[in-house]
């Protein structure tokens, strides 16, 4: 914590378990700037409704195709988002940190869990490597749509569409974590890998209501 005359800065130095307990006492300053991932609901659970309201997406700022697809998702009773992140995760450096976690087997288990609850599920698949996903994700026999038209500065629209789905299958990625967390359905099912990283522990990263699949 760095305290200045008119504001304070709180930097998260670690995503380890102990970083959670450092902020159990409420700090009150006029203005506070938080820098870090703070990737746990425990940091802000008491203010969940306020945060979801503040970070609600304005559909009017989306492109035409996203607006049309948002309408489709809202009309569906069993919409499910699937996030498959490859891209930077396939580099040698990131493979060591995040590789072999969200495997093909993980996604197949997650899909099976969803289908037991929602036999008529429609899957909305978000990936930065659609060709790989089409070749390896065994979903061709199920109702689905690949969403890959939002790139660069338009990427936020993918998170918005994820948040509109009734259920979410996420990757070990903060992008789909937030897409699922911002999902406001009270009866939602969110499925995530039990392990987030190969090099450090993140025991509080998943909300208690989410389903974790052992990797």
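The values are calculated or read from the model by the stated rules, or taken from the named source; none is laboratory data. Here the structure is a predicted model, which is why all the values come from computation and not from measurement. Glycine gets a Cβ as well: all are built from the backbone with ideal geometry, and neighbour counts include every protein chain shown.
Restricting attention to the range 34-44, which residues are touching a residue at least 24 places away in the same chain (Cβ under 8 Å) and either loosely packed, with under 12 Cβ neighbours inside 10 Å or assigned to a loop (DSSP other than H, G, I, E, B) (or both)?
To start, the set of residues in the range 34-44 that are touching a residue at least 24 places away in the same chain (Cβ under 8 Å) comprises 34-42.
If the condition is that a residue be touching a residue at least 24 places away in the same chain (Cβ under 8 Å) and either loosely packed, with under 12 Cβ neighbours inside 10 Å or assigned to a loop (DSSP other than H, G, I, E, B) (or both), then 35, 36, 37, 38, 39, 40 are the ones that fit.
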Filter pass, residue 176 being within 28 Å of residue 49 (Cβ to Cβ) and at pLDDT 95 or above
yes
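Please work out if residue 183 is free of Cβ contacts under 8 Å to residues at least 24 places away in the same chain and within 18 Å of residue 118 (Cβ to Cβ). Walk me through how you get there before you give the answer.
Numbers: free of Cβ contacts under 8 Å to residues at least 24 places away in the same chain: yes; within 18 Å of residue 118 (Cβ to Cβ): yes.
When the stated conditions are applied, residue 183 passes them.
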Residue among 113, 215 that is in a loop (DSSP other than H, G, I, E, B) and in contact with a strand residue (DSSP E or B) (Cβ under 9 Å, 6 or more places away or on another chain)
215
Testing residue 142 on (1) under 15 Å from residue 82 (Cα atoms); (2) within 13 Å of the chain's Cα centre (by Cα); (3) not in a helix (DSSP H, G or I), one condition comes back false. Which one is that?
(2)
Those residues that are in contact with a helix residue (DSSP H, G or I) (Cβ under 7 Å, 6 or more places away or on another chain) and either buried (at least 20 other Cβ atoms within 10 Å of the Cβ) or not assigned by TED's automatic domain parsing to the domain that holds residue 154 (or both), I need them from the range 90-120; list them, please.
98
